[in-house]
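Read the structure below first, then the notes.
The values are calculated or read from the model by the stated rules, or taken from the named source; none is laboratory data. Owing to the predicted nature of the structure, the values given are computational and were not obtained by experimental measurement. When we count neighbours, we look across all protein chains shown, and the Cβ atoms used for this are built from the backbone with ideal geometry, even at glycine. Only protein heavy atoms, including side chains, enter the accessible area calculation; ligands, DNA and RNA are left aside. Shrake-Rupley method; radii C 1.70, N 1.55, O 1.52, S 1.80 Å.
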Amino acid sequence: MTKVLIVGGGPAGMAAALALSQANVETEIVEASDDWRPGGIGLALQSAPQRATMQLGIYDELRRVGRRHDVIDMCGPDGRLVAQMPQININGPDDAPLLGMARESIHDVMVAAVERAGVPVRLGTTIADLDDGDGGASVTFTDGTTGEYDWIVGADGAHSALRARLLPDAPPLSPAGQSIWRAAAICPPGLEHYTMMLGGPIRLGLVPLPDGRLYLWMLDSESGGERPPRDEILDVFRAKPARFGGFAPAVIEQLTDAAQIDFRALTYVLVPPPWHAGHVLLIGDAVHTTTPHISYGAGLALEDAVVLGELAPAGLPFEQMATELESRRFERARLVVETSLQLSRWEQSADGPPDPSAPGRLIGQTLAALSQPL
Ligand SMILES: Cc1cc2nc3c(=O)[nH]c(=O)nc-3n(C[C@H](O)[C@H](O)[C@H](O)COP(=O)(O)OP(=O)(O)OC[C@H]3O[C@@H](n4cnc5c(N)ncnc54)[C@H](O)[C@@H]3O)c2cc1C
């Protein structure tokens, strides 16, 4: 039986474990963090990545922990509805066009599925040394143990140590120039739809989640990616959405402690193939980190894993399997990263997009292209 080590227990690593288990490949995961919790607050899954979760066998559970959104309400800074953006559903008529959920929820669903699949997970552990030979890879772990593997899946995220080690000529993770603020809150009564409010250099998203919860994100083209000092972060945060009306004040007034606020400078990287070296193949954010403008980064990671699960049983030599995966995945990854970056640049430029409908058009064209089979 083929034996594969997965490095990283995020969406890409866990999805790879599920897809490879379905393909009768023996896997184990090492996750560097002792405290295996997801970063961030909420997540939106587009329709095409939901299709990937159907193949991974976790869709029904995600539907249970997610909230369906059929439209996004686009509002002015005063909260008045300007337009409604219908969301694309490429699955069955009863399936959700967009699924909003807490990061904890998707993490818990995936952890439970990995457990059910019998995949061993070692926390607080990573690769200390790697000896890649003709027949496979010999690994020494940071806990002093060793293992022999036919190949390795590197799913260690945007700051991938494996990318740095194996693909030294890959482009570096780069700042996109924007920042994002995120927080969890209670959903104010009456707020039913995913709502976006546009106010100059700030774009606010209010995403109702199940059980009366809400995920707030605020894209910020003013801060230039500079994290405010710790003792100022709450005041800086609260001042920004003060320009918004509608449901915004009822959410912002709940955020009174700096510990509730997550600030992050947005970054991106798009690694041109190869995504593999020796017997190690990188997937997920390790090779394509995107800004979140079309909510598709985790979607790409899940799709990478599904394609890996489709290729693994063919019994191809590793090099051929990895090359095949790269050729099936690179264009989709490029589309997501470059579209998201274009949207980010329009938001940051004094001139804005070439015409006001250009962002919506670009998003629609991109999601339509991504709805094609993997
Ligand atoms: C602000 C923001 C909002 C987003 N919103 C959305 C959204 O709405 N929808 C969407 O689809 N995507 C979204 N994304 C993108 C999504 O979060 C990522 O694309 C996704 O998490 C990538 O999964 P991954 O498993 O490749 O990497 P990660 O989620 O980063 O997981 C990597 C894992 O590897 C572990 N690790 C790291 N180094 C090592 C090591 N050396 N050894 C072992 N383990 C290691 C880490 O601890 C982590 O658990 C958003 C991203 C950002 C920044």
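Brief remarks follow.
- Nearest-20 debye value, the stretch 145-296 charge dipole, Cβ charges on Lys, Arg, Asp, Glu: 280 debye
- Net charge over other residues, Cβ less than 15 angstrom from the Cβ of Gly224 (K, R count +1; D, E count -1): 0
- Springs join every pair of Cα atoms under 10 Å in this Gaussian network model of the chain, and among Gln320, Gln46, Gln55 the largest mean-square fluctuation is at Gln320.
- Residues of the chain: accessible area per residue with a 1.4 Å probe, Å²: 42 Å²
- Equivalent ellipsoid semi-axes, the chain, via Cα gyration tensor eigenvalues times 5, rooted, Å: 36, 21, 20
- Full extension of the chain between Glu115 and Asn24 gives 31.2 nm of extra length, using 0.36 nm per residue less the Cα-Cα distance.
- Mean separation of Cα contacts under 8 Å (6+ apart) over length of the chain, as relative contact order %: 21 percent
- Spacing of the two label points (7 Å from each Cα toward its C-beta) at Glu226 and Ala259, in nm: 2.9 nm
- DSSP-assigned coil residues among GluC sites (Glu not before Pro) in the stretch 15-94, each with at most 16 further Cβ atoms within 10 Å: none
- The fraction of Cα-Cα pairs per 5 angstrom bin, counted from 0 for the stretch 176-266, comes to 3, 14, 28, 26, 18, 8, 3, 0 percent, rounded to whole percents.
- Considering only Pro210, Val236, Pro249, and ranking their Cα positions along the charge dipole of the stretch 198-294 that arises from unit charges at the beta-carbon of Lys, Arg, Asp and Glu, the one farthest toward the positive end is Pro210.
- Among Ala259, Ala322, Ala164, the largest mean-square fluctuation in a Gaussian network model of the chain, built with springs joining Cα atoms closer than 10 Å, belongs to Ala259.
- Working from Cα pairs under 8 Å separated by at least six residues, relative contact order for the stretch 176-266 is 41 percent.
- Rounded to the nearest 20 debye, the dipole size of the chain about its Cα centre is 1000 debye, using +1 on the Cβ of Lys and Arg and -1 on the Cβ of Asp and Glu.
- Most fluctuating residue given options Gly297, Gly135, Gly364, as computed from a GNM of the chain linking Cα atoms under 10 Å: Gly135
- DSSP beta bridges fully contained in the chain are about 75 percent antiparallel.
- The chain - mean residue ellipticity at 222 nm from DSSP helices (-39,500 (n - 2.57) per run, n ≥ 4, rounded to 500): -10000 deg cm²/dmol
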